[in-house]
1. Between R60 and A223, what length comes free when the chain is fully extended (0.36 nm per residue of separation minus the Cα-Cα distance, one decimal in nm)?
2. Cβ under 10 Å from L43's Cβ, L43 left aside: what net charge do those residues give with Lys, Arg +1 and Asp, Glu -1?
3. Cut-off 10 angstrom, C-alpha nodes, Gaussian network model of the chain. Which of D192, D28, D166 fluctuates the most?
4. Can you tell me the length gained on complete extension of the stretch R2 to R50, counting 0.36 nm per residue apart and subtracting the Cα distance?
5. Counting only pairs 8 or more places apart or on different chains, how many lysine pairs in region 88-245 have C-alpha atoms closer than 18 Å?
6. Averaged over every viewing direction, what's the projected area of the C-alpha convex hull for region 5-76? Give it in nm², one decimal, please.
7. Only four residue types carry charge here, +1 at the Cβ of Lys and Arg and -1 at the Cβ of Asp and Glu. Report the dipole size of region 5-76 about the Cα centre in Debye, rounded to the nearest 20.
8. Quick one: 3J(HN,Hα) in Hz for region 214-225, Karplus 6.51/-1.76/1.60 with θ = phi - 60°, rounded, Gly and Pro as x.
Amino acid sequence: MRKPCLITIAFSHYCEKARWALDRAEVDYVEDAHLPLFSYLPLMRAGAKRTAPALVTADRAVLVDSTDILRWCDEHGRAEPLFPAGDGDVDALEDDFDRHLGPATRRLGYYYLLDDKRATLDVMGKHGPRWERVLGKAARPLAAAMLRRRLKIDQAGAERSRAVIDRTFGEIGERVKDGRKYLCGERFTAADLTFASLAAPVVLPEQYADYLPSEDLWPPAFAKVADGYRKTAAGKLALRLYEERGRGPRAEPEARAC
Ligand SMILES: N[C@@H](CCC(=O)N[C@@H](CS)C(=O)NCC(=O)O)C(=O)O
């Protein structure tokens with residue numbers, strides 16, 4: 001029987017969200033990791049959409065959205081459900097993070113990193129098939145220009161994204177003021193997992209380091225922004241959730257094309 005296969009852009013925070021859920025649910029899966037843009041071909045071949053992650057299950061069903069993968073983990077995995085029955089708050093928060101926080105942290109991360117050749121090359125060199133890394137490095141300026149256009153990565157976009165992140169972090173700070181352990185009470189849910197993984201590009205958890213440039217290559221302006229977010233109540237929550245997850249730099253998954 002084939003193992004479920006997760007097609008990813010290795011460092012994407014939406015892919016991190018899916019990986020976290022699969023790991024937590026103790027699903028025995030393989031990861032087919034790619035660089036941005038190079039991910040289109042394997043996704044298309046699998047019958048997915050153009051965005052990663054996509055999960056190809058053992059019976060060849062194709063899940064094309066990270067939230068669907070979390071729900072699949074609830075049905076097929078071994079962990080406590082991420083979406084407890086009847087808790088609409090979890091669904092609403094998860095959806096809000098997906099729609100607003102995720103695009104905002106991605107844009108801000110790219111805004112600081114894409115201009116920095118050494119940091120970008122460092123990230124690109126860590127995962128994915130060798131040929132993609134070689135070609136990706138050669139085509140870096142072109143790929144960066146395409147990403148900038150597609151994701152509207154410019155100063156105005158970065159400012160809009162900062163406003164979204166500030167608003168979300170502010171709301172979370174308010175929510176956890178009462179001392180609750182997790183976003184929806186005393187139990188870890190999809191809201192927590194989604195918040196922490198989608199916040200990762202701006203709080204830079206140690207456990208996500210394998211997908212980030214080495215710390216000595218962080219552009220100073222980016223390090224400063226991240227430092228500010230890490231000090232907020234929401235930033236502290238994201239870092240604590242990562243600590244609880246307890247995964248150090250991840251052992252290279254059993255890489256395979258799906
Ligand atoms: N709603 C989707 C969003 C996934 C997403 O935006 N993935 C990005 C990587 S962070 C992607 O594959 N982008 C490629 C593209 O849009 O062309 C999910 O939750 O899975």
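1. So the chain would gain 54.5 nm between R60 and A223.
2. +2
3. D28
4. Length difference between fully extended and current span is 15.0 nm.
5. Qualifying lysine pairs in region 88-245: 8.
6. 4.0 nm²
7. In debye, rounded to 20, region 5-76 gives about 360.
8. Rounded to whole hertz, the list is 4, 4, 5, 9, 4, x, x, 5, 5, 4, 5, 4.
Every read-out reported here was derived from the displayed coordinates using simple, explicitly stated rules and does not represent laboratory data. All values derive from a computational prediction rather than experimental measurement. Here Cβ is always computed from backbone atoms with ideal geometry, including for glycine, and neighbour counts include all displayed protein chains.
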